[in-house]
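Please read the structure below before turning to the comments.
Just so you know, all these numbers are worked out from the coordinates, no wet-lab data involved. Being a predicted model, the structure only gives us computed values, none of them experimental. All Cβ positions, glycine included, derive from the backbone under ideal geometry; neighbour counts span all protein chains shown.
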Amino acid sequence: MASVCFYFQIHQPIRLNKFTVFTKNAPYFDNERNRKYFERISRKCYLPTNKVLLNLIDQFGKKFKIAFSLTGVFIEQCKSFAPEVLESFIELSKTNCVEFLSETYYHSLAALFSVEEFKKQIKLHKDLVNDLFNQRPQVFRNTEAMYSNGIAKIIEDLGYKGIITEGHESILGWRSPNYLYTPKDCNKLVALLRNYKLSDDIGFRFSARWWEEYPLTADKYASWASACEGNCINIFIDYETFGEHQWEDTGIFEFLKVLPHEILKYNNLDFKTPSEIVKSYKPVGIIDVPHIISWADIQRDTSAWLENDMQRLAFERMAKLEKTVKKNSELLHIWRLLQTSDHFYYMCTKWWADGDVHKYFNPYNSPYDAFINFMNILQDIERRLK
Amino acid sequence: MQVLVLGWEFPPAKTGGLGTHCYELVKNLGKKGVNVLLFIPKRSKNVKHNIENVEVVEVGSSIMPYNTSNSKIFEEGYGWNFFEEVKAFNRKCVELALKRKFDLIHCHDWITAVAGMQLKNITGKPFVFTVHSTEYDRTANIYPLKHIIDIEKRGLEEADMVITVSNHMKKQLIERYGGDGRKIKVIYNGIDYTRFFGLTRKEHKNIVLFLGRLTNQKGPYFFLHTAAKVLEKRKDVLFVIAGEGDQLPELIRIAIGLNIMDNVVFTGYLTEEELLYAYAMADIYVMPSVAEPFGITALEAIASGTPVIVSKNSGVAEKIMHCFKVDYWDTHEIANKIICMLDYPVLGECMRRNSFRELKDFGWDRVAEQTIAVYRGL
């Protein structure tokens with residue numbers, strides 16, 4: 001018996017306003033642009049996908065379950081730009097078939113510079129989830145699945161039962177991601193590992209004509225899941241896959257609509273949420289991750305955010321403000337919004353010349369423009385803190 | 001294959017990118033086994049050219065295409081004598097060419113197009129026309145000469161194939177000249193980057209460089225106004241304007257008016273060697289051209305390890321990713337970028353390393369290959 005575990009990541013950064021060295025007394029965030037993007041994605045992805053999922057839960061009762069992780073900055077934008085999207089998530093939460101995960105409120109890289117700040121942002125997010133959906137999250141996922149022994153230990157100490165990261169060969173070796181593992185130096189916490197092959201089959205390859213499995217049908221996908229050995233098949237993908245990364249005309253919604261039916265045809269498969277997986281199965285081994293990994297790009301490390309010197313300088317300058325900014329309640333939230341990983345992602349030069357992975361709703365013409373804009377805002381904040 | 005190339009400038013006598021283009025093109029065509037017969041105007045000095053498979057014929061005439069300050073033969077604009085010389089050169093080219101054997105004719109810009117068209121009419125050989133810039137570009141659309149535009153238009157009509165240096169140019173040739181898009185092929189210019197200093201260590205003397213002819217086309221005014229804005233924020237920056245041209249006195253007046261002469265240097269004409277140093281010493285190269293069909297100087301700056309800010313509508317902006325692309329009139333934004341590059345040296349460092357890597361896509365052998373493909377398709 002293996003359990004299929006669906007978890008969808010939902011995040012939209014609050015993008016920065018155009019800010020030059022000459023700019024004075026202007027807002028730091030580009031509300032107009034953020035609203036435009038948010039409304040578009042709501043129309044193409046959030047609303048229709050929520051509707052499909054709600055119908056599926058109605059149809060299958062307790063047999064179909066999913067998990068979400070909604071960032072605090074996503075929820076803030078929901079409240080300002082599309083309250084109906086938030087309503088539909090609340091409706092989903094009332095079905096008891098939807099679990100909400102814990103993460104940092106700001107989708108930040110806080111774990112990389114301050115334990116105190118990291119914990120604070122987790123608490124802010126946990127309280128928000130509790131308020132909105134009346135759930136106390138049991139399973140944690142860090143920004144972009146960033147994970148290490150040290151991060152796992154912090155999460156265990158906060159009382160979580162599970163943590164999510166990437167099921168990559170670099171930490172598993174010959175072992176399968178379809179089992180629970182114990183993070184090194186932890187006793188109570190278990191790690192759920194993303195099955196990146198099956199996840200990317202939907203997230204990246206669904207409409208790829210070069211792929212020998214194209215077109216991907218629900219019955220074919222279910223047969224692959226059924227053939228998997230192990231306890232849990234963790235399909236962790238960005239929610240924007242539905243309707244935005246994979247447009248409606250690729251047939252992604254039809255795929256989603258029939259997938260639970262196809263999966264439940266197999267006697268050896270069921271659906272479980274992450275915390276149910278943690279309760280149902282025992283870890284089979286230890287994973288030892290001394291250096292930080294993530295689920296991003298081919299390297300599966302932090303290089304998408306902190307590889308080049310611009311990214312490092314921007315990050316260091318931001319981190320340096322921690323002490324002083326905490327005495328200023330007005331700027332504290334703004335400073336935290338600057339920690340959102342996307343701002344550093346936009347400065348990435350790694351793939352830029354040929355790839356467009358980093359271009360998705362990117363407000364900048366180049367990584368250099370992203371750097372300049374970020375630094376000008378940071379400088380303005382530094383000035384105000386003096 | 002025997003190609004008759006009608007050139008305009010050729011090293012060492014050159015005033016712009018076209019001379020470099022002609023030289024590198026025929027050299028690389030020659031290397032690939034194409035026999036080239038090159039006609040160029042005869043300059044005052046006798047120069048021996050020794051290029052494999054290339055025969056250089058100097059045709060008696062002494063054309064200087066732009067009115068540079070040390071050439072006294074012109075009054076305003078191109079001047080009357082200049083047009084007479086162009087006519088004479090074209091006549092002479094036809095006369096000499098008819099005594100020779102060739103399979104096709106390849107002309108560069110309007111200045112040799114008349115001879116190209118005549119030769120096509122007489123011999124029936126195919127005519128390839130490369131447009132490096134148009135009259136609208138060269139004059140920044142201020143009093144373009146109808147007489148030249150007409151030659152360009154006819155050239156585009158009569159050519160069997162047209163080559164141009166950017167998509168932006170192709171669009172212009174279609175929209176402004178009614179050119180037939182099906183016979184216009186874009187071949188980006190190349191660069192022999194080994195001639196330049198490469199990624200040497202920067203001394204960070206806060207030098208911002210403009211290099212080009214001082215004409216409306218190249219946008220030196222915008223450079224000066226940008227300088228004034230930068231200097232509002234930082235006083236430790238030196239703005240170097242390298243090159244000569246008819247706008248020099250006016251530019252000096254403007255710089256005085258803006259009260260920035262303490263931070264501006266006009267170098268005048270630079271020798272090839274001085275040019276290499278100018279590129280390498282600069283912390284930032286700015287090319288705020290109003291019109292720039294390609295923009296070879298941006299590649300030369302990159303080859304000298306200098307990060308560049310280029311006009312959005314330049315041809316080079318279509319191909320180079322690791323640079324800033326700006327509206328030439330947006331001096332506010334250009335100043336913003338310059339200040340940030342000076343404030344955060346890591347920015348320029350990242351940019352110059354990444355852009356230097358992009359130069360490998362700009363080999364002249366690639367230009368020659370694509371040109372041969374055009375010849376073969378005739």
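Quick one: helix A:252-264 against the long Cα principal axis of chain A, what's the angle to the nearest 10°, folded into 0 to 90? So the inclination is approximately 40 degrees.
Each label point was placed 7 Å from the Cα along the Cα-to-Cβ direction; for A:Glu169 and B:Leu96 their separation is 6.5 nm.
Summary: within chain B, the longest segment free of GluC sites (Glu not before Pro) located in DSSP loops with at most 14 other C-beta atoms within 10 Å is B:204-378. Extension gain, A:Glu39-A:Ile90: 0.36 nm per intervening residue step, less the Cα-Cα distance, totals 16.5 nm. Placing pseudo-labels 7 Å out from each Cα toward the beta carbon at A:Gln379 and A:Glu248 gives an inter-label distance of 4.5 nm.
What percent antiparallel are the DSSP beta bridges of chain A, to the nearest 5?
Antiparallel bridges make up about 10 percent of those DSSP assigns within chain A.
The distance from the alpha carbon centre of segment A:73-146 to that of segment A:156-204 is 20 Å, rounded to a whole number. Any chance you could give the angle, 0 to 90 degrees and rounded to 10, that helix B:331-343 forms with the longest Cα principal axis of chain B? Once rounded, the angle reads 60 degrees. Separation of segment B:163-198 from segment B:201-234 is 26 Å, based on Cα centroids. Note on B:Asn167 and A:Lys279: their simple-model spin labels are 5.6 nm apart, each label 7 Å out from Cα toward Cβ. Here A:Phe204 and A:Leu264 are evaluated by their C-beta separation; at R0 = 30 Å the FRET efficiency comes out at 0.75.
Rounded to the nearest 0.05, what FRET efficiency do B:Glu58 and A:Ser114 give with R0 = 60 Å and r taken as the Cβ-Cβ distance? Could you check? Provide the component values of the computation, followed by the final result.
Details: r = 73 Å, r/R0 = 1.21.
For B:Glu58 and A:Ser114, the calculated efficiency is 0.25.
Once Rg and the Kirkwood radius are both taken over the C-alpha atoms of segment A:113-190, their ratio Rg/Rh works out to 0.99.
Based on the Cα atoms of segment B:249-298, what semi-axes does the equivalent ellipsoid have, where each is the square root of 5 times one gyration tensor eigenvalue, given in whole Å with the largest first?
Over the Cα atoms of segment B:249-298, the ellipsoid semi-axes are 22, 16, 11 Å.
Compared with the dominant Cα axis of chain B, that is its longest principal axis, helix B:272-281 is turned about 40°.
Take every DSSP beta bridge whose two residues both sit in the protein assembly as shown; close to 10 percent of them are antiparallel. Put simply, the amide H of A:Arg194, placed in the peptide plane, has neighbours under 5 Å in A:Thr165, A:Glu166, A:Gly167, leaving out anything fewer than 5 places away on its chain. Under the combined filter of DSSP loop state and at most 15 neighbouring Cβ atoms within 10 Å, segment A:1-57 retains these chymotrypsin sites (Phe, Trp or Tyr not before Pro): A:Phe22. With θ taken as phi - 60° and the Karplus curve 6.51 cos²θ - 1.76 cosθ + 1.60 applied, the whole-hertz 3J(HN,Hα) list for segment B:83-100 is 5, 4, 5, 4, 4, 4, 4, 4, 4, 5, 4, 4, 4, 5, 5, 5, 8, 10 Hz, x standing for glycine and proline. The spacing between segment A:1-61 and segment B:262-324, judged by their C-alpha centroids, is 42 Å.
Between B:Arg154 and B:Glu203, the FRET efficiency from the beta-carbon distance, with R0 = 45 Å, is close to 0.30.
Enclosing the Cα atoms of chain A in their convex hull gives a volume equal to 136 cubic angstrom per residue. Close amide-amide hydrogen proximity is noted between B:Val264 and B:Phe239, each under 5 Å apart and 5 or more residues distant or on a separate chain (H modeled in the peptide plane; Pro and chain starts excluded). In units of the rule-of-thumb radius 2.2 N^0.38 Å, the protein assembly as shown shows an alpha carbon radius of gyration of 1.17. For peptide B:321-334, the mean count of partner chain Cβ atoms within 10 Å of a residue's Cβ comes to 2.
Across the alpha-carbon set of segment B:220-370, the Rg to Rh ratio works out to 0.96, Rh being the Kirkwood radius.
Overall form of chain B: prolate. Here a/c, set by the Cα gyration tensor axes a ≥ b ≥ c, is 1.5 or more, and a/b is the larger of a/b and b/c.
The Cα-based radius of gyration of segment A:158-218, divided by its Kirkwood radius, gives an Rg/Rh of 1.12. Counting only DSSP beta bridges with both residues in segment B:193-361, what percent are antiparallel, rounded to the nearest 5? Roughly 5 percent of the DSSP beta bridges within segment B:193-361 come out antiparallel. Applying both filters, DSSP loop and at most 15 other Cβ atoms within 10 Å, to the trypsin sites (Lys or Arg not before Pro) of segment B:147-214 gives B:Arg176, B:Arg201, B:Lys205.
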